[in-house]
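J.: Pasting a structure below so you can have a look.
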Amino acid sequence: MTETRKWRLALTSLGIVSAFLYLYQLATGQRSEYYAAIALSMSKNFSNFFFGALDPAGTVTLDKIPGSYWIPAIFVRIFGFSTWSVDAPNAIAGIATVIIAAITIKKLFGKTAGIIAGAIVATTPIFTAVVRSNQPQTYFLLTLSLAALYATKAIEASSRRYLIITGEFIALAFHTYMLEAWALWPAVMIGYALTAQPTSKKVKDILVAGSASLALSMTWIFFVTLVPKSHR
């Protein structure tokens, strides 16, 4: 068996184990009634969905950007309201996070380290508890893990394209957990600043990627401000 096939088999096995840990008897698990009510309210219509309605009538909205609730709301809309429908999106996002963590560490330290890192993420008790619930942090972790993956690619390849993609995932993380997502930018900038390329190019790449990230982060806020208060 080739090394590539071994890696794919190990990664697939990691995904299967993670799926068992996160999806097994999920329908009989725990859920936050507060967050479940949000998913239900947002599933009622597009206005509730976009603005993050806290109640079905859409009279009160969340105190944050509703990015972490969009996918659960879609699940509730498609599959109906249940513990499974509000928890399953998190479980699936958790599986993806484990796989992405393994791939990222593999790029830095090799295949064995990647599988070990993925296994550590998959079996961390607090992570398992969160992804088997409907807490909003899972999408934040997923988008930041994607940002970390592309930041690694950007630094390895001295690539503006990958750096911009990194910024886009940071912006998506901002839509799930707001300002905390931008805490990743200093580390990314320092790593990219140490790459072997002209200083002027590095500065330009960081400015372009940072500006794109900021613009995408502000997208939801921008569109909300365009809507008159009486129609929100």
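J.: Starting from the range 42-71, take each residue that is of a type in the set (Val, Ile, Thr) and list its partners that are open to solvent by 70 Å² or more (accessible area, probe 1.4 Å), counting only C-beta distances under 9 angstrom and pairs at least six apart or across chains.
T.: Partner pairs satisfying both residue conditions: Thr61/Arg232; Ile71/Ile92.
J.: (1) open to solvent by 20 Å² or more (accessible area, probe 1.4 Å); (2) of a type outside the set (Gly, Ala, Ser); (3) in contact with an Asp or Glu (Cβ under 7 Å, 6 or more places away or on another chain): which one isn't true of Leu108, the others all being true?
T.: Of (1) open to solvent by 20 Å² or more (accessible area, probe 1.4 Å); (2) of a type outside the set (Gly, Ala, Ser); (3) in contact with an Asp or Glu (Cβ under 7 Å, 6 or more places away or on another chain), only one is false for Leu108: (3).
J.: Shifting gears a bit: Answer yes or no: is there a residue in the range 125-140 that is open to solvent by less than 50 Å² (accessible area, probe 1.4 Å), of a type in the set (Gly, Ala, Ser) and without any contact (Cβ under 8 Å) to a residue 40 or more places away in the chain.
T.: Taking every residue of the range 125-140 in turn, none turns out to be open to solvent by less than 50 Å² (accessible area, probe 1.4 Å), of a type in the set (Gly, Ala, Ser) and without any contact (Cβ under 8 Å) to a residue 40 or more places away in the chain.
J.: Right, here's the next one. Yes or no: Ala147 in contact with a helix residue (DSSP H, G or I) (Cβ under 6 Å, 6 or more places away or on another chain), aliphatic (A, V, I, L, M) and in contact (Cβ under 8 Å) with a residue 12 or more places away in the chain?
T.: So Ala147 fits the description; yes.
J.: Only residues that are open to solvent by 60 Å² or more (accessible area, probe 1.4 Å) and either modelled with pLDDT under 95 or more than 17 Å from Pro136 (Cβ to Cβ) (or both): list them for the range 47-71, please.
T.: Answer for the range 47-71, where residues must be open to solvent by 60 Å² or more (accessible area, probe 1.4 Å) and either modelled with pLDDT under 95 or more than 17 Å from Pro136 (Cβ to Cβ) (or both): Pro56, Ala57, Thr59, Val60, Thr61, Asp63, Lys64.
J.: Quick check on Ala113: is it surrounded by fewer than 19 Cβ atoms within 10 Å (Cβ to Cβ), without any contact (Cβ under 8 Å) to a residue 12 or more places away in the chain and closer than 22 Å to Leu141 by Cα? So that I can check it myself, show each step before the final result.
T.: Numbers: surrounded by fewer than 19 Cβ atoms within 10 Å (Cβ to Cβ): yes; without any contact (Cβ under 8 Å) to a residue 12 or more places away in the chain: yes; closer than 22 Å to Leu141 by Cα: yes.
So Ala113 fits the description; yes.
J.: Determine which single condition Val121 fails, assuming it passes every other condition in (1) open to solvent by 60 Å² or more (accessible area, probe 1.4 Å); (2) under 26 Å from Trp84 (Cα atoms).
T.: Answer for Val121: the failing condition is (1).
J.: Continuing with the same structure: Quick one: which of Thr138, Thr128 is touching a Leu at 6+ places or on another chain (Cβ under 7 Å) and either under 29 Å from Tyr69 (Cβ atoms) or part of a loop (DSSP other than H, G, I, E, B) (or both)? So that I can check it myself, show each step before the final result.
T.: Details: Thr138 fails: touching a Leu at 6+ places or on another chain (Cβ under 7 Å).
Within the list Thr138, Thr128, the selection yields Thr128.
J.: Then there is this: Condition test on Lys204, is it part of a helix (DSSP H, G or I) and exposed (fewer than 15 other Cβ atoms within 10 Å of the Cβ)?
T.: Details: part of a helix (DSSP H, G or I): yes; exposed (fewer than 15 other Cβ atoms within 10 Å of the Cβ): yes.
For Lys204, the condition - part of a helix (DSSP H, G or I) and exposed (fewer than 15 other Cβ atoms within 10 Å of the Cβ) - is met.
J.: Using the structure shown, decide if Ala173 is out of contact with any His (no Cβ under 7 Å at 6 or more places or on another chain), open to solvent by less than 60 Å² (accessible area, probe 1.4 Å), in a helix (DSSP H, G or I) and within 26 Å of Met42 (Cβ to Cβ). Walk me through it before giving the result.
T.: Working: out of contact with any His (no Cβ under 7 Å at 6 or more places or on another chain): yes; open to solvent by less than 60 Å² (accessible area, probe 1.4 Å): yes; in a helix (DSSP H, G or I): yes; within 26 Å of Met42 (Cβ to Cβ): yes.
Taking the combined requirement at face value, the residue satisfies it.
For every residue, the table says whether it meets (1) open to solvent by less than 80 Å² (accessible area, probe 1.4 Å); (2) in a helix (DSSP H, G or I); (3) within 21 Å of Leu141 (Cβ to Cβ).
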residue: Thr195; (1), (2), (3): yes, no, no
residue: Ala212; (1), (2), (3): yes, yes, no
residue: Ala215; (1), (2), (3): yes, yes, no
residue: Phe223; (1), (2), (3): no, yes, no
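J.: OK, next. Cβ contacts < 6 Å: first residue farther than 13 Å from Phe169 by Cα and in a helix (DSSP H, G or I), restricted to the range 182-193; second residue at pLDDT 95 or above and open to solvent by 50 Å² or more (accessible area, probe 1.4 Å), any location; separation 6+ or different chain. Result?
T.: Gly191/Ile155; Tyr192/Ile155
The values are calculated or read from the model by the stated rules, or taken from the named source; none is laboratory data. Computed from a predicted model, the values in this text were never measured in an experiment. Backbone-built Cβ (ideal geometry, glycine too); neighbour counts: all protein chains shown. The accessibility values were calculated without ligands, DNA or RNA, using every heavy atom of the protein model including side chains. Shrake-Rupley method; radii C 1.70, N 1.55, O 1.52, S 1.80 Å.
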